[in-house]
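The values are calculated or read from the model by the stated rules, or taken from the named source; none is laboratory data. Not measured: the values here are computed from a predicted model. Glycine also receives a Cβ, built like all others from the backbone with ideal geometry; neighbour counts cover every protein chain displayed. These area figures cover heavy atoms from the full protein model, side chains too; ligands, DNA and RNA do not enter into them. Shrake-Rupley method; radii C 1.70, N 1.55, O 1.52, S 1.80 Å.
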Amino acid sequence: MTKLHKYFAFALTFVLASLATSANAIDNRKTLCVHADKTRVIEVVYPEGNRLPCEVQYTKGDTTQTLWNAKNKAGYCENKAAEFVEKQIGWGWSCDLVADSAVKE
């Protein structure tokens, strides 16, 4: 194999690996809750683009706080977020899962 062929083989492998990694990245999951003129955001955040680690963040006004996090228990953040959304609904809030672009911060 010539140097040029080796270079192209390496470059192709690198590009394909990068595409595979980005295709498997997990998007954050935002739930928007509304009650009268108030808005709350409950978000499952995947800082590394994988299921773990994860955080459940709650935004009220200009303040965001992390309510729960997990480093080695898959599904923990998703379950906690779902439970918290159910509580919000029980308190009279209307909540919907939204795309990232639909939430204005």
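Quick notes on this one:
- Length-normalised contact order for region 24-105 - Cα pairs under 8 Å, 6+ apart - percent: 30 percent
- Net charge of neighbours whose Cβ lies under 10 Å from the Cβ of Val34, counting Lys and Arg as +1 and Asp and Glu as -1: 0
- For Thr31, the solvent-accessible surface with a 1.4 Å probe is about 20 Å², rounded to the nearest 10.
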